[in-house]
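Visitor: Got a structure for you, questions after.
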Amino acid sequence: MPAGFLARAAALRQEIERHNYAYYVLDAPTIPDAEYDRLFRELQALEAEHPELVTPDSPTQRVGGKALDAFPKVRHAVAMLSIRTETDTEASGATAFDARVRKELGLSESDPALEYAAELKFDGLAINLRYENGVLVQAATRGDGETGEDVTQNIRTVHAIPLRLNVKSPPAVLEVRGEVFMRRDAFERYNAGQRAAGKPALVNPRNGAAGSIRQLDPAIAAQRPLSFYAYGLGEVQGWAHAPATHSGTLDALEKLGVPVCDERITGHGAAALIAFHDDIAARRDRLPFDIDGVVYKVNRYDVQRELGFVTREPRWAVAHKFPAQEQLTTVLGIEVQVGRTGALTPVARLSPVFVGGVTVTNATLHNQDEIDRKDVRVGDTVIVRRAGDVIPEVVAVVAERRPRPSPPRFDILHSYPVCPVCGSHVARLDDEAAVRCTGGLYCAAQRKQALLHFAGRRAIDIEGLGEKLVDQLVDRGLVHSPADVYGLDLDTLAGLERMAGKSAANLLAAIEASKATTLARFIFALGIRNVGEATARDLALYFGSLDSLLAAGEADLMAVSDVGPIVAQSIVQFFGEPHNVEVVKRLRAAGVHWPETAGGKRVAGRLAGKTLVLTGTLPTLTRDAAKERIEAAGGKVAGSVSKKTDYVVAGEEAGSKLAKAQELGVPILDETGLLALLDSGGESP
Ligand code: IVH
């Protein structure tokens, strides 16, 4: 074989590993993916032609080919010990550790503080990586500490783990110990892909990591995006200038190309450990991966040796755990909560369990799809997760522990045909995950949201009726539905917080003024799901009167431009709920009114097909009002003048648009002209 091939293969390997390191360890890709693929394919082709070129540390060997029958056993050269867990979950656990260590060493209070290293306790799978002369030759799980399993093939698929140490003269033997884990973003991405493909999702990142490494088929392990951080050593032979401290070792490993976590410190005495503990505890949920605590270690190896071991645990290290974020418990029942938008969220009532630092009795099940996916049933044993301030959720069911005979599947629509808050019908739109209460105007759970929307500037427009007032009106039981707003009197309003006599009078005037509205605004104000401003306008234009809208079926509604089956369904459901119709009736009885066009039903607007441009300030109409009137008549308002413009409406201080209109010979109107046009039917002013 020509020597050139050998050199080329070596160069490619080195280059690919350099990019792997940048990408997987430093999180900073150095070349585009396509370029990386090109290098990788060149090496693959070279090795395929000359199989004798293949080395065990070649990057092409990361994705194992054939399935393994079972993992061979590996006897650890140096036992993989476990670590004592400090039971005291308070920061004082660090004080207890420091006190024990000092006592063992026979130190008195006057002796100086000891140097410690503190780091994260990663939540994954412990692995021993054996490098001989700088090349990864074996990877093994911890097993019982004496004997583990040979998972070399699978570990080769973890791109963050170097297949060769980055050093000219490597130690004869260097065993690196650390944790294989899955980052949360990788976990989410992997699960999203699995779900999209209709395949099973992973329960949590730890199971994702442990499960992948213990997969018999390395091709499966290769698909799961895993990470690795080193935290110690096993057997070491012939390491020139071997560090004398734990922190020095981690620094050295990092230089060799082995991933080491940055979240670590060295410091003196218990105070340094407590500070680290508290800092990490506060940031736990913002770390990109799960941890279950922190680990404290005596930093100097000579002091570690002096301290030695008790049974299988070193005296020089302790794990200080944080409250667990996942626990097992049982589902006592499944109920629903109605949110501000009317969505019915299923909630599992749980046998109380201490998780994430609090006692949890409820966990969200999100929606029907999630219930179906996880197949949660009453009586099931489930894994509950509570991380940070996120509401607790049911992660998965422990299938083996389902009661026999098995309880029925839970179906929201079946268990809750009507809203548990207001008794209105519940429904699920075709394209929505949520099941919703249809009593939008009536339901107590949706009251505040409905009122705020109703009073909005683009809806019925009650100036001054904002969030703080809505809160008070609803909380004091003064307003149950938008119709009640029209029954409020001056005394009641003046009695509210932050309402002096003058503002109460202003609000009352605004309420009165809002009674004169347009059909489009009224329809929009009802807050029908999927009916926005533009749709409300189209509906008003098409039906002309509220009664014909109320009488419309789905097919009639779909005749309106831009109204599809979802919008039509929403409208029919809304007016199909008697509670809503009652509120509408009361609003009209209270004096809310609008001009109706009796025959408006099939008539396109008077300005249909016409494009107008507004420029300058009109004497009485605001820009919004003019636009609204034009659009209500079916016209379009454009931003600039062109040959296609039908009219330019010019007011005071009209500028270049007016000039442009004159230049193009586009008819120019003033406000009076516009109003005349709106009245006449769009022929000529
Ligand atoms: S040191 C002799 N450091 O915790 C001490 N272990 O019981 C050996 N772990 O399964 C362990 N993060 O995989 C150490 N920063 C860390 C660790 C850590 C996680 C795991 C380890 C083992 C268990 C120790």
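The values are calculated or read from the model by the stated rules, or taken from the named source; none is laboratory data. No experiment lies behind these values; they were computed from the predicted model shown. Cβ: placed from backbone, ideal geometry, glycine included. Neighbour counts: every protein chain shown. Heads up: the accessible areas ignore ligands, DNA and RNA and are worked out on the full protein's heavy atoms, side chains in. Shrake-Rupley method; radii C 1.70, N 1.55, O 1.52, S 1.80 Å.
Visitor: Is there a pair in Lys255/Lys297; Lys121/Lys374; Lys448/Lys636; Lys515/Lys657; Lys73/Lys255 whose C-alpha atoms are over 25 Å apart, and which pairs would that be?
Guide: Check vs 25 Å cut-off fails for Lys121/Lys374; Lys448/Lys636; Lys515/Lys657; Lys73/Lys255.
Visitor: Still on this structure, I have one more. With bins 10 Å wide starting at 0, give me the P(r) of region 347-459 over every alpha carbon pair, in whole percents.
Guide: Reading the bins upward from 0: 12, 32, 32, 18, 4, 1.
Visitor: A follow-up question, please. For region 207-286, with all protein chains present and a 1.4 Å probe, just round the carbon and sulfur fraction of the accessible area to a whole percent.
Guide: 51 percent
Visitor: Let me cross-check Ile220: its accessible surface, 1.4 Å probe, with only protein heavy atoms counted, in Å² to the nearest 10?
Guide: Here the residue's solvent-accessible area equals roughly 60 Å².
Visitor: Starting at the first residue of region 114-127, write each ³J(HN,Hα) from the Karplus equation 6.51 cos²θ - 1.76 cosθ + 1.60 with θ = phi - 60°, in whole Hz, x for Gly and Pro.
Guide: With coefficients 6.51, -1.76 and 1.60, one gets 7, 8, 10, 10, 10, 8, 8, 9, 6, 10, x, 10, 6, 9 Hz.
Visitor: For region 477-527, what percent of Cα pairs sit more than 14 Å apart?
Guide: Result: 58 percent of Cα pairs exceed 14 Å.
Visitor: Restricting to bridges with both residues inside the chain, how much of the DSSP beta-bridge set is antiparallel, in percent to the nearest 5?
Guide: Antiparallel: roughly 85 percent of the beta bridges in the chain.
Visitor: Could you order Ser570, Ser92 so the one with the most accessible surface comes first? Probe is 1.4 Å.
Guide: Solvent-accessible surface, decreasing: Ser92, Ser570.
Visitor: About the Cα centre of region 302-423, what is the dipole size in debye to 20, counting +1 per Lys and Arg Cβ and -1 per Asp and Glu Cβ, all else neutral?
Guide: 240 debye
Visitor: So what is the accessible area of the chain per residue, in Å², with the probe set to 1.4 Å?
Guide: That works out to 48 Å² per residue.
Visitor: Any aspartates and glutamates with Cα under 14 Å of the Lys468 Cα? List them, leaving off those in the same chain fewer than 8 positions away.
Guide: Candidates past the 8-residue exclusion: Glu497.
Visitor: Taking all protein chains as present, what is the carbon and sulfur share of the accessible area of region 71-116, in % to the nearest whole number, probe 1.4 Å?
Guide: 52 percent
Visitor: While we're looking at this one, here's another question. Measure nothing but the geometry: give the 0 to 90° angle between the long axis through the Cα atoms of 269-283 and the longest principal axis through the Cα atoms of the chain, rounded to 10°.
Guide: Helix 269-283 sits roughly 40 degrees off the main axis of the chain.
Visitor: A follow-up question, please. Using the C-alpha gyration tensor of region 390-446, what are the square roots of 5 times its eigenvalues, in whole angstrom, with the largest one first?
Guide: In descending order the semi-axes read 29, 15, 12 Å.
Visitor: OK, next. If one takes the longest principal axis of the Cα atoms in the chain, at what angle in degrees, from 0 to 90 and to the nearest 10, does the Cα axis of helix 565-576 lie?
Guide: Approximately 60 degrees, to the nearest ten.
Visitor: For region 251-313, what class follows from the C-alpha gyration tensor (a ≥ b ≥ c being the square roots of its eigenvalues): rounded when a/c is under 1.5, otherwise prolate if a/b is larger than b/c, else oblate?
Guide: oblate
Visitor: Sequence neighbours fewer than 8 away in the same chain don't count; with that in mind, list the aspartates and glutamates whose C-alpha is under 18 Å from Lys502.
Guide: Filter leaves Glu463, Asp489, Asp491, Glu512.
Visitor: Considering only protein heavy atoms and a probe of 1.4 Å, how much of the accessible area of region 503-561 is carbon and sulfur, as a whole percent?
Guide: The value for region 503-561 is 54 percent carbon and sulfur by accessible area.
Visitor: Relative to the present Cα-Cα distance, how much length would full extension add between Asn166 and Glu370 at 0.36 nm per residue of separation?
Guide: Here the answer is 68.8 nm.
Visitor: Turning to a different aspect of this structure: Which three lengths, in whole Å and largest first, does the chain cover when its Cα atoms are put on their principal axes?
Guide: If we take the Cα atoms of the chain, the spans are 99, 65, 60 Å.
Visitor: Oh, and also: With axes computed from alpha carbons, what is the tilt in degrees of helix 501-514 against the longest principal axis of the chain, rounded to the nearest 10 within 0 to 90?
Guide: 70 degrees
Visitor: How big is region 134-275 on each of its three principal axes, counting only the C-alpha atoms and giving the largest first in Å?
Guide: 53, 39, 30
Visitor: Also, quick follow-up: Going by average Cβ density within 10 Å per residue, which order do the peptides 364-371, 402-409, 290-297 take, highest to lowest?
Guide: Per-residue Cβ counts within 10 Å, averaged per peptide and sorted highest first, yield 290-297, 364-371, 402-409.
Visitor: Same structure again: Just order 518-528, 339-349 by mean Cβ neighbour count inside 10 Å, highest at the front, would you?
Guide: Highest to lowest by the protection proxy: 518-528, 339-349.
Visitor: Give, rounded to the nearest 20 debye, the magnitude of the charge dipole that the chain has about its Cα centre when Lys and Arg contribute +1 at Cβ and Asp and Glu contribute -1 at Cβ.
Guide: That gives a dipole near 680 debye.
Visitor: Below 8 Å between Cα atoms, with a sequence gap of 6+, how large is the relative contact order for the chain in percent?
Guide: 9 percent
Visitor: Just the Kirkwood number for region 181-244, please: inverse of mean 1/r across all distinct Cα pairs, in Å, one decimal.
Guide: 13.8 Å
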